[in-house]
Amino acid sequence: MHSTAIARVAACILIGAVAPRVAAQALSLDEAIRIGEGRSARVAAQSSAVTAASDLAGRAAQLPDPKLKFGLENVPVSGEDAWSLTRDFMTMKRIGVMQDIVNGDKRKARSERAARELGVEQAGLVLERANLRRDIALAWYDMLHATRALEVMSDLVNAVALQQDTVAASIAAGRAAPADGFMARSAVEVARDQVIDQERILARARIALSALVGTDAQRPMGEAPDTARLAVPVAVLLDSLDRQPALQVLESRTALARSDVALAQSTKIPDWGVELSYGQRSPNYSNMLTLMFSVDLPIAPAKRQDREVAASLAQVERARAQLEEARRAYAAQVRGLAVDWEAWNKRVQRFEQLLVPLARERAEAALASYRGGKGELMAVIEARKAEAETRLGLHNALLERGRAWAGLNYLVPDEETKQ
């Protein structure tokens, strides 16, 4: 064999061996979630917020930095000694340090508040991840069923186009009227128009998924998880509702409001400070050492500290009310999603077991009757369209069941939603 031919054969064999490896792998839901979490800017932003809160919590209980004080003291500005730094015995160069001493209760309250602030940010990170997983799941299901719906419409175009070719042959042979040809052609064009619209829906679904997982949205879609069952029963979800990330955030904010009360109460205890300074008057006079103390004087607590405490207590009540309202809302949401999931689950079963087989049998019967010369072409076309609409109804039911399933499956943290 010629060397060039041998090279071509070898290249074909190599391409055939490599092609399955380079072909794009299907994008599963779990992989889409992993990819989305790895590239999410909002998760990264919340992670930075957690880091910032952690750093602040580490210094909340510390005393403020000391202050360095220096300058000139008792400089005369009139008389014969005006602006002299050496003639008056009271004039001195002074340098010292001053330290504010925050009371222990306030430092403890600040430390607890910083810890609660860290808890809020950590709960917010869990919430962002949960919301992201749910959003990716919804976008993934939209993409999956938009793809399947396009396949259904393409099948309809192919089926009607095949019928058009058959009608054209029948017209040429004198077995069909020319009107049947126009009818078949019209049905093909209508089906193609529906394909264009479905391509638009698919393109928008891909754009939405691309915003979450990037270029991986261009990959073919993998098989859907089993949405006919819930990873966690609805009763368990309702019992563990307090683990829902959004409620965890509100619970953390309630704890933060309580720590604000303790911090406000700590302001009733005076802070104090100490100052040590050295005054230089040499060589003419003796140098001086000064030790001073300062204490806050809460002379009107009813107008200041008590009002701050009252305001903090009101914020606690506000946080409690918001938490209770959110708990009721999320309980209603879970029950509503459960109702949706159960209803769509029943509809999926009806489509799979009854409606789709009936529509397929109707189309086959209409086609057989038409081929036997006993049926009308319109009946065949209508049966084909009805079959396609029924299959679209199945995919819509699967989509809605998947959306309800995702809403329930990603409601609580991972450890309770493992499939």
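The values are calculated or read from the model by the stated rules, or taken from the named source; none is laboratory data. The shown structure was predicted, so the numbers you read here are calculated from the model rather than taken from an experiment. Here the Cβ positions follow ideal geometry from the backbone for every residue, glycine too, while neighbour counts run over all protein chains shown. When the accessible area is computed, the model is the full protein with side chains, heavy atoms only, and any ligands, DNA or RNA have been set aside. Shrake-Rupley method; radii C 1.70, N 1.55, O 1.52, S 1.80 Å.
The figures follow:
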| quantity | calculated |
| --- | --- |
| Among 154-163, 227-236, 136-145, the order from most to least packed when residues are scored by Cβ within 10 Å on average | 136-145, 154-163, 227-236 |
| Accessible surface of the stretch 86-172 [probe 1.4 Å, protein heavy atoms]: carbon and sulfur percent | 52 |
| Among 319-332, 354-367, 280-293, the order from most to least packed when residues are scored by Cβ within 10 Å on average | 354-367, 319-332, 280-293 |
| Ranked packing of 197-208, 393-404, 257-268, most packed first, by mean Cβ within 10 Å | 393-404, 257-268, 197-208 |
| The stretch 256-273 - phi-based ³J(HN,Hα) in whole Hz, Karplus 6.51/-1.76/1.60, Gly and Pro as x | 5, 5, 5, 5, 5, 5, 4, 5, 5, 5, 5, 6, 6, 8, x, 8, 9, x |
| Percent carbon-and-sulfur accessible area, the stretch 358-418, ignoring ligands, DNA and RNA, probe 1.4 Å | 48 |
| In degrees, nearest ten, helix 29-39 long axis to first principal axis of the chain (Cα) | 40 |
| Local electrostatic count at ILE35 - Lys and Arg +1, Asp and Glu -1, tallied over other residues with Cβ under 14 Å | 0 |
| Residue-wise HN-Hα coupling along the stretch 223-235, computed from phi with Karplus coefficients 6.51, -1.76, 1.60 (Hz; x: Gly, Pro) | 6, 6, x, 6, 8, 7, 9, 9, 5, 10, x, 4, 4 |
| Angle between the chain longest axis and helix 305-350 axis [Cα atoms, degrees, rounded to 10] | 10 |
| Carbon plus sulfur fraction of accessible area for the stretch 212-282, probe 1.4 Å, in percent | 54 |
| Cα gyration tensor shape for the stretch 204-292, rounded if a/c is under 1.5, else prolate or oblate | oblate |
| Nearest-ten-degree value, helix 3-22 long axis tilted from longest Cα axis of the chain | 60 |
| Average accessible surface area per residue within the chain, 1.4 Å rolling probe, Å² | 58 |
| In sequence order, calculated HN-Hα J values of the stretch 377-383 (Karplus, 6.51, -1.76, 1.60; Hz; x Gly/Pro) | 4, 4, 5, 5, 5, 4, 5 |
| D_trans [Stokes-Einstein, Kirkwood Rh over alpha-carbon pairs] for the chain, 10 °C, 1.306 mPa s, µm² s⁻¹ | 54 |
